[in-house]
Amino acid sequence: MNLAGLEAHWWWLLGAALLGILEIFVPGIFLIWMAAAAGITGIVAALVPLPFPFQLALFGLLALAAVYSGRRFYDRNPVASADPLLNDRTARLIGQNVVVVTAIEHGEGRVKVGDGVWVARGPDAPAGSHMVVTGADGTCLRVAHAAALPPATNAASGS
């Protein structure tokens, strides 16, 4: 196959380079594996004269293998994050003081967190009470009375 004066293997290698560059601008650790598959396909197409349908099949198989291997690698070797709770909003709320807006009766009510109101579960408390978020179950916050928790030690004050 000869498109625009280039042999097929050059198109595969060019595609691999473009996918690698796209990975830089659209990070997601996916396109790099597709780039690897395209690069290997280009090398094989340069060494072995394969018909184009076989090149496509080879690329498909290599892409599946590369993406699968990449996912397994990152599952076994997670990337450390400076903010591991970045995408876990409820976990970020643990320890925050909240105000009960709808009385917590029979273990359930609503609390105000920042500018939003969340469903909360915890000990009964009248509206206006101050509570502390102790955990979360999905989008429901677990709360406790602020006075019921032991005071946090402040290392800066020396206590």
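The values are calculated or read from the model by the stated rules, or taken from the named source; none is laboratory data. Predicted model, so just to flag it, every value in this text is computed and none were measured. Neighbour counts are summed over all protein chains in view; Cβ atoms, including those assigned to glycine, are modelled from backbone coordinates with ideal geometry.
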For region 24-47, enumerate the residues that are among the aromatic types (F, W, Y) and buried (at least 17 other Cβ atoms within 10 Å of the Cβ).
W33
Which of the following residues is among the hydrophobic types (A, V, I, L, M, F, W, C), surrounded by 14 or more Cβ atoms within 10 Å (Cβ to Cβ) and in contact with a Lys or Arg (Cβ under 7 Å, 6 or more places away or on another chain): V132, V119, V100?
V119
Can you go through A103, A65 and tell me which one is in the same structural domain as H9 (by TED's automatic domain parsing), at pLDDT 90 or above and among the small types (G, A, S)?
A65
Search result, residues across region 2-23 that are buried (at least 17 other Cβ atoms within 10 Å of the Cβ), free of Cβ contacts under 8 Å to residues at least 24 places away in the same chain and closer than 22 Å to F54 by Cα:
L19
Which residue out of A91, A46 is in contact with a strand residue (DSSP E or B) (Cβ under 8 Å, 6 or more places away or on another chain) and in contact (Cβ under 8 Å) with a residue 40 or more places away in the chain?
A91
Among helices (runs of 4 or more DSSP H) lying entirely in region 1-111, which contain 3 or more residues that are farther than 25 Å from A136 by Cα?
8-25, 31-47, 52-76
